[in-house]
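First comes the structure, then the notes that go with it.
The values are calculated or read from the model by the stated rules, or taken from the named source; none is laboratory data. All values reported here derive from a predicted model rather than from experimental measurement. FYI the Cβ positions are ideal-geometry reconstructions off the backbone, even for glycines, and counts take in every protein chain you see.
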Amino acid sequence: MDPIAALGQGLVVALQPMNLLYALIGVLLGTAVGVLPGIGPALTVALLLPVTFKLDPAGSLIMFAGIYYGGMYGGSTTAILINTPGESASLATALEGNKMAKAGRGGPALATAAIGSFVAGTIATVGIVFLAPWLVEVAIKFGPEDYFALMCVAFITVSATFGSSPIRGLTSLFVGLALGLVGIDKLTGQSRLHFGVPELLDGVEITTLAVGLFAVGEALYVASRRHLIQEKIEPVRGSLWMTAQDWARSWKPWLRGTLFGFPIGALPAGGAEIPTFLSYSTERRLTKYPQEFGHGAIEGVAGPEAANNASAAGTLVPLLTLGLPTSATAAMMLAGFQQYGLNPGPLLFAERPDLVWGLIASLFIANAMLLILNLPLVGLWVRLLSIPQPWLYAGILVFATMGTIAAKPSVVELIMLAVFGVMGYLMRRYDYPIAPVVIGLILGPVAEQQLRRALAISLGDPLVLVQSPMSATLLAIAFAALVAPFVMRGLGKFKSDTD
Amino acid sequence: MQSQDRRVDPAGIVVAALLAVLAGLIFYDMTTLTITQTYGVGPKAMPIVVATGLILLAIGNLVLAFRDGFPEREQPAHLPIVLILGGLIAVIALIGIGGGFILAMTILFAATAAAFGRRAILVDLAIGFALGLGTYLMFSKLLSLSLPAGPLERLLGG
């Protein structure tokens with residue numbers, strides 16, 4: 001279908017009053033959780049999954065997307081004002097943004113972040129409109145072996161980009177894959193790894209895992225290190241408005257950040273860290289004011305913030321067209337689709353164009369709402385930061401427990417929540433990335449299904465995996481991505497030894 | 001390079017051991033599956049792949065442990081961890097014996113707040129109670145989702 005016409009129909013869906021309300025709730029919640037430390041968009045979507053189970057799918061998914069976009073806006077506020085970025089995507093923003101706030105230029109820093117996010121989010125959403133139908137055309141020819149190969153690429157790149165070393169990332173991923181094995185095998189009806197516990201027959205609940213790792217793990221980690229860190233909120237002093245010079249210095253970084261963020265987000269490489277840091281280093285190289293970098297250069301806020309939002313939009317492309325999540329929040333959104341029995345992919349574009357295009361159209365609306373929420377109303381969000389930390393985390397744990405028990409009212413579920421919480425704490429302490437566990441649990445069973453389907457069609461001939469040119473290429477990419485870090489490190493070591 | 005002090009990190013050895021145990025569990029469980037698929041690979045294939053991967057990663061983590069591959073860590077405070085986990089265990093026990101959602105949340109809120117350094121236990125218990133009551137009412141009345149009920153919840157007619 002013509003993308004413009006499809007988008008027009010989507011707008012009709014997105015502009016329905018109920019869906020506008022869902023979008024508004026989503027962006028409000030998203031901004032709030034983005035601003036608050038210790039709670040992010042992935043956790044929020046996880047908590048809302050059981051609550052939204054009975055609601056309209058289109059509305060809930062519009063709300064989830066609003067949370068995703070809102071989280072990206074809110075995260076920058078925290079990074080700029082207290083220098084503790086809520087998520088790794090805001091790390092680069094904190095570098096210059098917090099310096100600007102300390103120098104009394106917090107207002108323009110927040111403004112360039114919000115406007116840059118809006119520009120980037122809007123351009124990137126236009127990117128989705130044109131890229132998604134094209135990718136759907138490609139994906140429609142995919143066989144199960146191609147999907148399996150694609151998931152292998154995602155597994156490897158996600159583990160490699162999220163962790164400090166590929167072994168750590170892969171360890172997290174395989175723990176997730178192991179958890180994904182639990183429960184009844186859909187093809188033969190036999191149960192795996194249930195150890196006689198009936199609650200485990202349905203498999204590990206995604207909500208329980210995500211909430212345990214993100215909420216309980218984070219609370220334990222922060223509580224255990226509270227005596228080590230002093231946080232200071234920088235008040236927003238001076239004017240919120242950007243001067244003409246601020247505008248002149250911001251618009252190019254916004255566009256360049258978008259150019260980094262969207263393609264990298266759309267590739268199944270995932271992660272907003274790479275584009276934000278690429279953007280930061282590029283702005284640092286290109287700036288006319290190199291002496292300001294390290295002391296609060298506005299380019300260092302504008303670029304990474306745009307890159308960060310553009311990559312969030314980018315991750316929606318593989319999610320919607322291939323059913324492939326490349327970030328923790330995208331993985332939770334996939335779980336959101338799955339709870340309504342919807343499988344993102346070419347078929348969903350054909351069967352439920354209203355839902356898919358309604359979702360895409362709502363992204364434009366969410367972006368516009370976020371610009372308004374984050375510019376004139378930024379003071380309101382800053383006030384959220386003054387919630388005392390003990391009450392904040394106590395509240396997070398209460399909602400975490402509520403979300404878990406609403407998903408599946410059973411004591412076994414609560415025990416698993418506590419166990420995953422301890423696991424999340426230990427993973428933070430010993431520096432294992434969290435997101436690959438969640439992606440492993442969600443994507444592992446899908447990958448297994450595609451593999452078995454491929455091999456059943458080929459009557460058990462494993463060569464089918466390399467006979468399709470697409471699948472062979474993807475598997476080669478996955479293999480290269482797996483081996484490259486080790487080879488590069490080996491070369492680096494070789495060099496340093498000969499020096 | 002020779003001068004670098006290479007200490008072994010016990011945490012890495014524990015991680016490696018845990019991964020190996022997990023692999024063993026998956027492998028053992030796999031052998032108990034009896035039905036196989038006619039064509040292609042059956043339900044045993046994925047467990048074998050995952051277990052093999054875990055064994056390789058156990059070795060990888062062992063290498064990290066011997067090569068300073070683990071991050072430096074500060075000594076954590078133990079009391080907050082005990083308080084939060086204690087709160088969670090109290091929730092599990094309370095809901096297990098039918099004490100209800102609201103009381104469980106009251107205790108969890110107060111325990112977590114104490115873990116983060118609050119000393120006004122009565123105030124926190126009151127806030128936790130209000131929060132538990134609020135969410136319970138919202139869930140049962142507005143969203144008609146059921147949360148575990150105890151004596152208090154039955155009093156509210158939930």
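Points worth noting:
- For segment A:422-443, a residue qualifies if it is at the interface with chain B (Cβ under 8 Å from one of its Cβ atoms) and of a type outside the set (Ser, Thr, Tyr), and the qualifying residues are A:Val422, A:Arg429, A:Asp431.
- Extreme residue, nearest to A:Gly440 (Cα to Cα), among residues of segment A:318-334 that are aliphatic (A, V, I, L, M) and touching a Ser or Thr at 6+ places or on another chain (Cβ under 8 Å): A:Ala330
- Checking each residue in segment A:38-70 for being of a type in the set (Gly, Ala, Ser) and closer than 13 Å to A:Ala23 by Cα picks out A:Ala58, A:Gly59, A:Ser60, A:Ala65, A:Gly66, A:Gly70.
- Residues of segment A:365-388 satisfying the condition of being touching a residue at least 40 places away in the same chain (Cβ under 8 Å) and in contact with a Lys or Arg (Cβ under 9 Å, 6 or more places away or on another chain): none
- Within segment B:86-123, being over 16 Å from A:Ile415 (Cβ atoms) and within 7 Å of chain A (Cβ to nearest Cβ) holds for B:Met105, B:Phe109, B:Thr112, B:Ala113, B:Ala115, B:Phe116, B:Gly117, B:Arg118.
- Looking only at segment A:167-183, and only at residues there that are within 10 Å of chain B (Cβ to nearest Cβ) and in contact with a Lys or Arg (Cβ under 8 Å, 6 or more places away or on another chain), the one that is surrounded by the most Cβ atoms within 10 Å (Cβ to Cβ): A:Leu181
- Of all the numbered requirements in (1) farther than 21 Å from A:Pro388 by Cα; (2) surrounded by 18 or more Cβ atoms within 10 Å (Cβ to Cβ); (3) modelled with pLDDT under 95, B:Ala51 misses one, and that requirement is (3).
- Filtering B:Pro80, B:Pro43 for residues that are surrounded by 21 or more Cβ atoms within 10 Å (Cβ to Cβ), within 7 Å of chain A (Cβ to nearest Cβ) and not in a helix (DSSP H, G or I) leaves a single hit, B:Pro43.
- Considering (1) more than 7 Å from chain A (Cβ to nearest Cβ); (2) touching a residue at least 24 places away in the same chain (Cβ under 8 Å); (3) assigned to a helix (DSSP H, G or I); (4) farther than 23 Å from A:Val422 by Cβ, the lone condition that B:Ala126 does not fulfil carries the number (2).
- Among residues of segment A:345-364, those that are without any contact (Cβ under 8 Å) to a residue 60 or more places away in the chain and surrounded by 24 or more Cβ atoms within 10 Å (Cβ to Cβ), counted: 0
- Selection status of A:Ala23, in a helix (DSSP H, G or I) and within 17 Å of A:Glu218 (Cβ to Cβ): no
- The single condition among (1) over 28 Å from A:Leu392 (Cβ atoms); (2) within 7 Å of chain A (Cβ to nearest Cβ); (3) among the polar types (S, T, N, Q) that B:Thr52 does not satisfy is (2).
Okay, residues lined up against (1) closer than 23 Å to A:Leu371 by Cβ; (2) of a type in the set (Phe, Trp, Tyr):
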site: A:Leu11; (1), (2): yes, no
site: A:Tyr22; (1), (2): yes, yes
site: A:Val27; (1), (2): yes, no
site: A:Gly34; (1), (2): yes, no
site: A:Pro37; (1), (2): no, no
site: A:Leu49; (1), (2): no, no
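- Residues satisfying the stated conditions in segment B:129-158, i.e. polar (S, T, N, Q), in a loop (DSSP other than H, G, I, E, B) and within 7 Å of chain A (Cβ to nearest Cβ): B:Ser146
- Test set (1) buried (at least 24 other Cβ atoms within 10 Å of the Cβ); (2) modelled with pLDDT under 90 - A:Lys102 fails condition number: (1)
- The helices (runs of 4 or more DSSP H) found wholly in segment A:323-421 and carrying at least 1 residues that are in contact with a Phe, Trp or Tyr (Cβ under 7 Å, 6 or more places away or on another chain) occupy A:328-339, A:353-374, A:389-407.
- Qualifying residues in segment A:184-200 (those that are at the interface with chain B (Cβ under 7 Å from one of its Cβ atoms) and touching a Leu at 6+ places or on another chain (Cβ under 7 Å)) - the one modelled with the lowest pLDDT: A:Gln190
- Residue list for segment B:83-121, filter: under 20 Å from B:Leu155 (Cβ atoms), of a type in the set (Val, Ile, Thr) and surrounded by fewer than 20 Cβ atoms within 10 Å (Cβ to Cβ): B:Ile97
- Annotation: of all residues in segment A:450-487 being part of a helix (DSSP H, G or I) and charged (D, E, K, R), the one that is nearest to the other protein chains (Cβ to nearest Cβ) is A:Arg452.
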